[in-house]
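For reference, the structure discussed in these notes is given below.
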Amino acid sequence: MVAFTGTTVGRKYLMGVSGLIWAGFVFVHMCGNMLILISPQAYNAYGHAIVSNKPLLIASELILIFALATHIVSAIALTRQNRSAKGIAPVRAPNGAKSTGLASRTMAAQGALVLVFIISHLVVFKFGNYYETTVDGVVMRDLSKVIFEVFQSCQPVAWYAFCLVLLGFHLSHGFGSIFQSLGMLHPAYQPKIRIASLVYGFVVSVGFLSQPIYVFLSQS
C-alpha cells in the first residue's frame, strides 16, 4: 500500500479521493451557510447541531484535516515530479482530457490562496468572538452575530468575494480532475463531466457568496 501511494498513479488516486471528500464537505457547508437567508435562528441552530455532536465533529474534522494534508502533499509531490521530468514527454489523457488551460496551469497557486482563505476563515469564525443566544429554549453560540459584525464593511466582503470566486474556479477544474485521477474519465462521459464540473463550481461559488452579500446589504 505504501509503495503504491508513492507512485504517480497512487498519488493521483490520493489527490482524487481527498479532493472528493473536500468537494462533498464544501457543498454541504455551503448549504448550511445559506440558512442565514432564512433567519439567524435557523443558522444558529444549524451551527449548534454540528458542534453539540462532539464525536461526529471530532471525527469529521480529523478526516477533513487528513484529506487536506493528503491533497497538499500529493499535489506538491506531483508538481515536483512533473518539473523534474522536463525532458520526458508527458502522458496524455484520453482524447486530450488533461487541460492545459489557465485553470490547469494555475491550480497550485489557486490551491495556496484557497488554503490561506480556509485558515483565515477558521480564525475569524471558529475561533473568533463568542456570543450567546437562545433558540427554542436552548442556549447556544450566536454565530450569526459574528457574521453580521464581520460583513458590515466592504473590505471583508470584497476579500471573501475574491476568495469565493477563486474557490469556484478551482473547483470547476478540480471536480472534473477527480474523475481523471481515479481513472474514471471515459471519453463518452467527458463532455458531461466537464459541464457538471463547471456547474458545481458555479453553484458553490454563488451559494457561498450569497451569505456575505446578503448580510452586507441587509445592514446598508
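Readers should treat all values here as calculations from the given coordinates under stated rules, not as data from a laboratory. Quick caveat: nothing in here was measured; it's all calculated off a predicted structure. With ideal geometry, Cβ positions are generated from the backbone for all residues, glycine too; neighbour counts draw on all protein chains shown.
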Would you be able to say whether some residue in segment 112-120 is among the hydrophobic types (A, V, I, L, M, F, W, C) and over 15 Å from the mean Cα position of the chain (by Cα)?
no
Name the residues in segment 143-188 that are surrounded by fewer than 20 Cβ atoms within 10 Å (Cβ to Cβ) and part of a loop (DSSP other than H, G, I, E, B), would you?
152, 153, 182, 183, 184, 186, 187, 188
Does residue 17 fit the bill of being surrounded by fewer than 16 Cβ atoms within 10 Å (Cβ to Cβ) and assigned to a helix (DSSP H, G or I)?
no
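Just need a number here: residues in segment 32-48 that are surrounded by 12 or more Cβ atoms within 10 Å (Cβ to Cβ) and without any contact (Cβ under 8 Å) to a residue 60 or more places away in the chain.
Taking segment 32-48 and keeping what is surrounded by 12 or more Cβ atoms within 10 Å (Cβ to Cβ), we get 32-37, 39-48.
Within this subset, residues satisfying the condition of being without any contact (Cβ under 8 Å) to a residue 60 or more places away in the chain are 32, 35, 39, 42, 46.
Residues flagged as surrounded by 12 or more Cβ atoms within 10 Å (Cβ to Cβ) and without any contact (Cβ under 8 Å) to a residue 60 or more places away in the chain within segment 32-48 amount to 5.
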Do you know which of the residues in segment 108-142 that are in contact with a Ser or Thr (Cβ under 9 Å, 6 or more places away or on another chain) and crowded, with 16+ Cβ neighbours inside 10 Å is farthest from residue 204 (Cα to Cα)?
133
